[in-house]
Amino acid sequence: MSKNPKQADKGQLSPSGHMLDYVRQRLQKHAPFSEIPAHQLNVLLQGCAETYFSPNELIIQPEDGAPEFLYYVEKGAVVGRKGLADLSTTGFQYEVGEMFPVNAFLAGRPVTATYSAREDTFCLMFTQEAVRALAEQSPVFSDYLTRRTLQFLDLSRRAIQVAYSSQTMAEQSLEKPLRDLHRGMAFSCLPETPLRQVLEVMQEQRVGSMVVVNADKRVLGILTRQDVLAKVALGQKPLDTPVSEVMNQPVHTLEEHNTAQEAVLLMSRFGIRHIPVTRSGVLQGMVSERDIFAMQRLSLKQISSTLKAAPDIAMLKAGAQDIRSFAKNLMAQGIAAKQLTELISHLNDVLTERILELVANRHGIDMRSFCWLSFGSEGRSEQTIATDQDNGLLFVSDQPDADLAKWTAFGKEVNQILDQCGYPLCKGNVMAGNPECCKTQDQWIERFDMWLRVPTPENLLRANVFFDMRPLAGNLELAAPLRRFITQNASKSQHFLRMLAENIMRFRPPLNWHGSVDTLEIDEVRTLDLKKHGTAVYVDAARFLALVYGVDEVNTRRRFEAVAGHLHVEAQRRDAWVSGFEFLQMMRLRIQVEESMTVPGLHDQPNVINYDQLDQIDRRILKECFRVGRRLQQRIESEYLR
């Protein structure tokens with residue numbers, strides 16, 4: 001098989017002295033080399049070569065066999081373009097600081113694309129021996145070669161933390177396992193222990209709770225200071241009463257490997273302040289809200305408790321502002337996008353549920369007679385700081401036509417209060433106050449069935465929103481048949497799936513013909529819409545694949561994790577889908593927090609970013625996320641539209 005002379009016959013150059021220092025300094029301007037010590041970089045540079053390619057000059061092609069060198073772009077740009085049989089209409093552009101063809105080089109196989117210089121281009125060429133030697137010495141370099149997208153995510157997140165280094169709470173606080181947070185062994189007693197003895201220990205040790213365990217240290221119940229007042233003092237229990245008679249059970253516990261993120265959500269959902277931590281069911285310690293949010297002015301539990309007890313709309317408005325302040329605080333500390341959007345969505349759920357309770361009480365409506373439905377990003381638990389409403393109502397009625405006015409009035413009042421709390425009315429009118437979004441169980445299923453049978457453009461658009469459905473409040477069981485219908489029937493409608501696949505191809509990741517980021521210039525500012533051409537690509541793809549395989553998940557990350565097994569894709573590709581989506585989510589959140597990232601005159605568009613304000617790392621990972629999104633679309637196009 002013939003070899004490209006540039007690949008096979010290039011003479012080697014071994015930099016030394018000032019030349020070595022000069023090349024190394026240029027390398028260290030770019031990740032991952034900026035993270036690698038100089039003495040380790042020297043291993044890579046020994047025996048490297050530098051070469052020049054003129055515009056449109058061929059560098060390497062499939063016919064050349066396995067690559068002998070790993071190329072690093074020093075100046076100029078390189079485009080990798082696949083053959084005419086491939087569905088790709090754009091190439092992959094490699095710019096200064098990037099390397100190619102990494103996968104083929106590591107696997108020792110021919111490339112699948114043809115690489116050529118786009119302009120006058122200078123490249124460093126690293127040998128197999130040098131690359132493997134550095135990979136053995138440097139975990140950073142090895143990690144880059146095998147998981148580039150994830151590594152750049154880590155670098156970007158670290159940069160955010162540095163920018164907010166004055167903040168007191170580190171990014172890892174909500175990611176840490178509870179084994180790193182709980183404060184030693186919790187105070188515990190056997191169920192037959194008299195109350196007098198329990199209270200004496202609590203008083204002496206100044207603890208707010210006592211865990212009740214059996215002889216094997218497995219948790220049976222818990223007694224808190226609040227219980228002492230409500231059940232012992234007011235209940236006039238004799239102090240020789242066994243603690244088992246007044247303890248709370250069952251107890252919400254978490255294992256040591258669970259995270260602080262899971263602990264704060266559990267505390268908020270059940271109104272508790274302490275959680276026993278176990279190892280294989282055996283008590284190991286106790287974690288409190290104070291342990292997790294010791295230095296936070298606002299805590300998840302405080303905001304949640306305030307919202308749940310809010311007596312009126314004025315208090316709920318204040319609580320909604322606290323949600324946004326809390327989210328911005330966490331964002332400033334580098335909290336991961338997955339955690340942040342889950343926390344925002346959870347608090348929005350708590351606020352919405354309290355509004356529903358207040359309005360239902362005023363209208364004399366039984367909460368068991370309806371189910372409030374969340375759609376779109378709210379349904380997926382992926383709400384950002386700037387979010388509008390997407391909701392609906394499922395009500396119980398023997399005379400739905402006669403009762404519709406009552407239920408739409410109820411829904412409209414809730415919609416208006418949410419709007420007053422800072423959640424704008426949906427421009428597409430996907431809200432419970434709209435009769436089209438206020439139906440009985442049978443009517444909802446009939447509507448879903450019609451969308452599957454008649455996949456018009458309008459029905460496909462509705463399915464994209466409504467099929468991300470999650471029951472939020474009221475009688476949650478009412479929504480179970482709706483979810484079952486979607487999961488069981490969408491996968492059977494091949495015409496619907498094909499039309500849906502065609503529909504999601506309308507918005508492509510913003511890469512130009514050469515494979516570089518394609519921005520839209522507005523008032524001499526280069527911009528990108530990170531929702532329309534970014535996260536929406538991933539959300540639509542994950543929804544489509546979940547419907548194809550009958551996966552009953554609505555969250556984008558969990559959908560990707562679930563369908564990966566059906567698609568038989570390796571963990572690395574699945575992780576690239578997830579990390580690409582979550583990086584784009586984080587960028588959207590940053591736009592909504594950092595004024596510098598917004599576009600002048602477009603403050604009402606919280607997903608449009610000022611591309612010129614991004615640093616080099618963010619630009620590189622952004623381009624990689626768009627590439628991953630494009631490959632994901634191409635996979636769907638290849639398998640479902642050919």
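The values are calculated or read from the model by the stated rules, or taken from the named source; none is laboratory data. Quick caveat: nothing in here was measured; it's all calculated off a predicted structure. Here Cβ is always computed from backbone atoms with ideal geometry, including for glycine, and neighbour counts include all displayed protein chains.
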Odd one out for THR306, checked against (1) out of contact with any Gly (no Cβ under 6 Å at 6 or more places or on another chain); (2) free of Cβ contacts under 8 Å to residues at least 40 places away in the same chain: (1)
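ASP612: within 30 Å of GLU95 (Cα to Cα), in contact with a Lys or Arg (Cβ under 7 Å, 6 or more places away or on another chain) and surrounded by fewer than 19 Cβ atoms within 10 Å (Cβ to Cβ), yes or no? Even if it seems obvious, please write down each step before you answer.
Numbers: within 30 Å of GLU95 (Cα to Cα): yes; in contact with a Lys or Arg (Cβ under 7 Å, 6 or more places away or on another chain): yes; surrounded by fewer than 19 Cβ atoms within 10 Å (Cβ to Cβ): yes.
Yes.
Might you check whether a residue that is farther than 18 Å from THR127 by Cα, exposed (fewer than 15 other Cβ atoms within 10 Å of the Cβ) and either in the same structural domain as PRO139 (by TED's automatic domain parsing) or not small (Gly, Ala, Ser) (or both) occurs anywhere in region 39-48? Before the answer, list the steps.
Our first condition is that a residue be farther than 18 Å from THR127 by Cα; within region 39-48, this holds for none.
No: region 39-48 contains no residue that is farther than 18 Å from THR127 by Cα, exposed (fewer than 15 other Cβ atoms within 10 Å of the Cβ) and either in the same structural domain as PRO139 (by TED's automatic domain parsing) or not small (Gly, Ala, Ser) (or both).
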Subset of region 373-424 (residues that are over 17 Å from VAL554 (Cβ atoms), touching a strand residue (DSSP E or B) at 6+ places or on another chain (Cβ under 8 Å) and charged (D, E, K, R)): ASP403
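For every residue, the table says whether it meets (1) on the phi < 0 side of the Ramachandran plot; (2) buried (at least 23 other Cβ atoms within 10 Å of the Cβ); (3) at pLDDT 95 or above.
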{"site": "ASN391", "(1), (2), (3)": "yes, yes, yes"}
{"site": "LEU404", "(1), (2), (3)": "yes, no, yes"}
{"site": "ALA409", "(1), (2), (3)": "yes, no, yes"}
{"site": "ASP419", "(1), (2), (3)": "yes, no, no"}
{"site": "PRO424", "(1), (2), (3)": "yes, no, no"}
Condition broken by VAL599, with the remaining ones in (1) within 20 Å of the chain's Cα centre (by Cα); (2) more than 30 Å from HIS495 (Cβ to Cβ); (3) of a type outside the set (S, T, N, Q) satisfied: (1)
Among the listed residues LEU632, LEU641, LEU589, which satisfies the condition of being surrounded by fewer than 19 Cβ atoms within 10 Å (Cβ to Cβ), more than 16 Å from ARG526 (Cβ to Cβ) and aliphatic (A, V, I, L, M)? LEU641
Considering each of LEU393, LEU425, LEU373, LEU418 in turn, give the residue that is aliphatic (A, V, I, L, M) and assigned to a helix (DSSP H, G or I). LEU418
Long-range neighbours under 9 Å by Cβ, at least six apart or interchain, first residue without any contact (Cβ under 8 Å) to a residue 40 or more places away in the chain within region 503-525, second of a type in the set (A, V, I, L, M): PHE507/ALA536; PHE507/VAL537; ASP518/LEU511; ASP518/LEU528; LEU520/LEU528; LEU520/VAL608
When you scan region 18-27, do you find a residue that is modelled with pLDDT of 90 or more, out of contact with any Cys (no Cβ under 8 Å at 6 or more places or on another chain), of a type in the set (Ser, Thr, Tyr) and not assigned by TED's automatic domain parsing to the domain that holds GLN616, even just one? no
Residues (in a loop (DSSP other than H, G, I, E, B) and either under 25 Å from the mean Cα position of the chain (by Cα) or among the β-branched types (Val, Ile, Thr) (or both)) located in region 454-492: VAL454, THR456, PHE467, ASP468, MET469
